[in-house]
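The block underneath contains the structure these notes are about, expressed in C-alpha cells.
The values are calculated or read from the model by the stated rules, or taken from the named source; none is laboratory data. This one's a predicted model, so the numbers in the text were calculated from it and none came from an experiment. Quick reminder, even Gly has a Cβ in these numbers, built from the backbone with ideal geometry, and neighbours come from all protein chains shown. Side chains included, ligands, DNA and RNA excluded: accessible areas come from the protein's heavy atoms. Shrake-Rupley method; radii C 1.70, N 1.55, O 1.52, S 1.80 Å.
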Amino acid sequence: MKLKLHTQIFIGIVLGVLTGYFFSDISPVILSPVGEIFMRLLRLLVIPLVFTSVTLGIVSIGDPKHLGSVSSKTFLYFISTGFIATSLGLVLASLIKPGVGHAISGLNGEDYGTPPPFSDLIVNIAPQNIFESLSRGDILPVIIFAILLGMALIEIESKGKPIISFFESSFAAIMRITDWIIRLTPIGVFALSATVVATLGIKSLIAVMTYFITVVLGLLIHAGIILPIILKVFGKYSAIDLFRKLLPALAIATPTASSAASLPVTMECLNKNVGVPNRITSFVVPLGTTIDMNGTALYQGVAVLFIAQMYGIDLTFIHMIIIVITAFFASAGAAAVPGAGLVTMVIILNAVNVPVEGLGLILAVDRILDSCRTPVNLWSNSIGTVIVAKLEKEQLKPHEIESEIKL
Ligand code: ASP
C-alpha cells in the first residue's frame, strides 16, 4: 500500500523527532548533510520559478489599454491586503512571542541587529545586470525584470510568441522538477527534524509548536474575519456563499499546497458558480496566483519574528516596516508551488539581518503550514476577483449549478 505524501511527511517528522531525541550524538553528523541537500534543492528552483511565473503572469494581462482600470483596482487590493496580512502576523507574533525564552545559546543576537540602510534596499531592487541578479539569486530585481519583459512581450505582439512559448515550456519543466523534489520531502523533514531536535533539544520543538499555532491563528483571523469584512464592504458579497462556491478549488489547494495546481478549478468556480465574467478572471486570477499571497505574507511575518526571537534578536519598529514591505515582495515572488514561501523568506531575513540558517528551525512544520496558507492565498485572490468585478459594475450571474463541477 502506498502512503499519501502528507502521511509520509507526518511519519518523517515523528521519526525525525524520535531519532533526534534518542540518538542526539550521531543524528547531526549523519543527517544534517541530508537536510542541507534538501534545502539546496529547494533553493535551486526559486530563481527559475520566479522568473518564468512572473513573466507569464504579466503576459496573461493581455492588452494593458483595456485593462488599465482593472489593473489599478487589482494591485490596490493585492498590496493593501498583503500589508494587512503581514502586519497581523507581526502583531500576533509580538503578542504570543513563540520564540522568546528559547533563545539559541552560543549566538550573540546583537551581532545581527543592525538593519541595512533603507535606501540600499530600494536601490538594490532596480536591476542593472539581469544575469548577475539571476546568478546571485537576487529575487527582487528578477521580479522587476520579469514584469518589464512581460509588458514588452505584450507590446511586440506576434513577435513575442516564441519567447512566451519558451517560458511556458520552461515553467512546465521546472514544475516537473519541483514535483520530483517534493517527493523527497518526507526524507528532508525527517533529516531536518532529527537535526533540530538533536542540536537544540526538545525545548525548541515546544517553541516550534507555539509558532505553528500562531500562524494558524493568524490565518483563521485573516481568512475568517478580515477578508470577509473587506468582501462585504467593497464587494457586497457574502463570504459564506463564496466559500461554498469555491469549495472544489479550496479542496485542491489544501492537499497540493499549490495555488498553481488549483488555478484552473479556481477560474472555473469563479466563472461558473459565482458568475464573474472571463474578462476579469483571466486577468486577476492568474496574476493573483503569483502575486497575491496573503497566507504566505502572514506566515512569513510570523516566521521572521519567530526566528529573530529564537536568536535573541530584538527587532525595532523600523525593522517591522521593512518586514511588511519586503514580505509583500517575498510573497509576490513566491511561485504558487509548495514550499516557495519558505524559500523567498530569505529576502526578508536578509533585509533585517536575521540569520538565514534560522529557516532550519521552522522547516519541520512547514509542509503542514503550507497546506494551511495555500487555501488562504487562493481565498484572498478569489475575494479580490469578486471585488474587482463588482467595482467594475459587472453583473455576477452564475450560469451553471455548482454540482456540475466534477473533481
Ligand atoms: N504553497 C504556496 C502556494 O502555492 C506558496 C507558499 O507559501 O509556499 O500558494
Might you let me know whether segment 267-286 holds any residue that is β-branched (Val, Ile, Thr), farther than 24 Å from Thr185 by Cβ and within 16 Å of the ligand (Cβ to nearest atom)?
yes
What is the number of the single condition among (1) open to solvent by 10 Å² or more (accessible area, probe 1.4 Å); (2) within 19 Å of Ala249 (Cβ to Cβ); (3) assigned to a helix (DSSP H, G or I) that Gly360 does not meet?
(2)
Looking only at segment 215-266, count every residue that is within 16 Å of the ligand (Cβ to nearest atom) and either in a helix (DSSP H, G or I) or farther than 12 Å from Val376 by Cα (or both) and tell me the total.
24
Test: Ala335 is within 9 Å of the ligand (Cβ to nearest atom), surrounded by 24 or more Cβ atoms within 10 Å (Cβ to Cβ) and not in a helix (DSSP H, G or I):
yes
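Listed here are the residues, each with its yes/no results for (1) more than 9 Å from the ligand (Cβ to nearest atom); (2) at pLDDT 80 or above; (3) farther than 24 Å from Gly57 by Cβ.
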| residue | (1), (2), (3) |
| --- | --- |
| Leu349 | yes, yes, yes |
| Val365 | yes, yes, yes |
| Arg373 | no, yes, no |
| Ser382 | yes, yes, no |
| Val386 | yes, yes, no |
| Ile401 | yes, no, yes |
| Glu404 | yes, no, yes |
Somewhere in segment 290-303, is a residue over 30 Å from Tyr237 (Cβ atoms) and either modelled with pLDDT of 90 or more or small (Gly, Ala, Ser) (or both)?
yes
Within segment 288-303, is there a residue that is away from the ligand (no atom under 16 Å from the Cβ) and either among the β-branched types (Val, Ile, Thr) or more than 18 Å from Ser71 (Cβ to Cβ) (or both)?
no
Yes/no for Phe306 being among the hydrophobic types (A, V, I, L, M, F, W, C) and either closer than 16 Å to Tyr77 by Cα or touching a Phe, Trp or Tyr at 6+ places or on another chain (Cβ under 9 Å) (or both):
yes
Inside segment 222-270, can you point out the residues that are at pLDDT 90 or above and hydroxyl-bearing (Ser, Thr, Tyr)?
Tyr237, Ser238
Can you find a residue in segment 282-292 that is part of a helix (DSSP H, G or I), surrounded by fewer than 24 Cβ atoms within 10 Å (Cβ to Cβ) and more than 16 Å from the chain's Cα centre (by Cα)?
yes
